[in-house]
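Q: I have a structure I would like to understand better, so I am pasting it below and will then ask my questions one at a time.
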Amino acid sequence: MPNLQGHQRSIEFPYVHGFSPVEQERLARQARFLEHKVYQSIEFNNVDRVLEVGCGVGAQTEILLRRYPDIRIAGIDFSEKQLAAAHDRLRDHPLALKRLTLQQMDAGNLDFAPASFDAAFLCWILEHVPDPEQVLAEVRRVLKPGSRLYATEVMNAAFFLSPYSPHLQQYWAAFNEHQLELGGDPFIGAKLGHILLRQGFRNVRTEVKTLHLDGRDPHLRHEVLQYWSELLLSATEQLLAARRVTPDLVAGMKLELQKLSKDPELVFFYCFFQATATL
Ligand SMILES: C[S@@+](CC[C@H](N)C(=O)[O-])C[C@H]1O[C@@H](n2cnc3c(N)ncnc32)[C@H](O)[C@@H]1O
């Protein structure tokens, strides 16, 4: 059973996707859907303790435990709702037995002693924090010399869809502007390299991971569009409440998504970044 530590305070903070059960399930599906891309180059040979920053509902945690049977994980997240979901997911999981602790913590103020970990794993977290440099400085502080870090992050300017869908494009601009206003950075993927270097990491490498789907693989293209629709809709409630989009725009986008799902000419393109570095 994973050890769930930390004070269970009710913490709400600005976060573009929200913490609903629907969103929590989306995170789990997303992790499985992108697993082959995210983990393609990740190695944890000779690694014991891994810090997972922003572990969310434990979706990546479960994959990490399965793929790397020799590691132990300390997962931290600021949201008690996410941690409760992670705990539910992994409480009775045989892979988590004596290998996992979950703690409520701010990534920018880690409650760990210096040099506590052999590696760090961050996925879709730096895009949501107001000060990613502070988070990486903290991660650096708690890593042992020679440790490895993997950070996988969005690069939302890279989204392209054909045929041109005006409502969808307008909604996407509103989505990204909202995330920026909440203090996040939907374009952080492309900036990871120099941020890591500035924070004292060495051997910094960045890899662009591409999703490019067209008529050559209609089945996968359909799945990607489904996945992307869920991602877009995860922010609808907040965007409406913030008056960044209108109900008409959302309805128009939904109609476009329906049409696109049947269009043999559909082309989908997106890319994200994965940075690797050592200390
Ligand atoms: C998009 S989710 C990704 C979760 C997980 N890494 C995954 O890939 O499924 C981002 C997570 O970052 C967490 N988060 C946001 N700001 C944080 C902070 N300052 N400290 C710790 N966690 C934070 C959120 O609560 C959320 O669970």
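Q: Which of the trypsin sites (Lys or Arg not before Pro) across segment 89-172 are loop residues per DSSP, with 16 or fewer other Cβ within 10 Å?
A: Of the trypsin sites (Lys or Arg not before Pro), the ones in loops of segment 89-172 whose Cβ has at most 16 other Cβ atoms within 10 Å are ARG91, LYS98.
Q: When the chain is fully extended, how far beyond the present Cα-Cα distance does GLU237 get from THR210, taking 0.36 nm per residue of separation? Numbers along the way, then the final one.
A: Details: separation 27, 0.36 × 27 = 9.72 nm, distance 2.86 nm.
Gain in length upon complete extension: 6.9 nm.
Q: How far is helix 21-33 tilted off the main Cα axis of the chain, in degrees rounded to 10, range 0 to 90?
A: 80 degrees
Q: Quick check on segment 1-135: what does the Kirkwood estimate of hydrodynamic radius come out to from the alpha carbon pairs, in Å?
A: Values: mean 1/r = 0.0664 Å⁻¹.
It works out to 15.0 Å.
Q: Can you tell me the dipole magnitude for the chain around its Cα centre, using point charges on the Cβ only (Lys, Arg +1; Asp, Glu -1), in Debye to the nearest 20? Before the final figure, lay out the partial values.
A: Values: 30 positive and 34 negative charges, 134 e Å.
It works out to roughly 640 debye.
Q: Also, quick follow-up: What's the FRET efficiency of ASN203 with GLN258 using the Cβ-Cβ distance as r and R₀ = 41 Å, to the nearest 0.05? If you can, show how the numbers build up before the last one.
A: Working: r = 46 Å, r/R0 = 1.13.
With R0 = 41 Å, the Cβ-Cβ based efficiency is 0.30.
Q: Still on this structure, I have one more. Quick check: net charge around ASP70, other residues with Cβ under 10 Å of its Cβ, Lys/Arg +1 and Asp/Glu -1? Each step should come with its number before you reach the end.
A: Working: positive: ARG72, ARG99; negative: ASP48.
Around ASP70, the surrounding residues sum to +1.
Q: Still on this structure, please answer the following. Which of the trypsin sites (Lys or Arg not before Pro) across segment 155-230 are loop residues per DSSP, with 16 or fewer other Cβ within 10 Å?
A: Working: sites: LYS191, ARG198, ARG202, ARG205, LYS209, ARG216, ARG221; in loops: ARG216.
Counting only loop positions with at most 16 other Cβ atoms within 10 Å, the trypsin sites (Lys or Arg not before Pro) in segment 155-230 are ARG216.
FYI, it's all coordinate maths here, none of it is from the lab. A quick note: this is a predicted structure, and the numbers were derived from the prediction, not measured. Every residue, glycine as well, gets a Cβ built from its backbone with ideal geometry; the counts of neighbours run over all protein chains shown.
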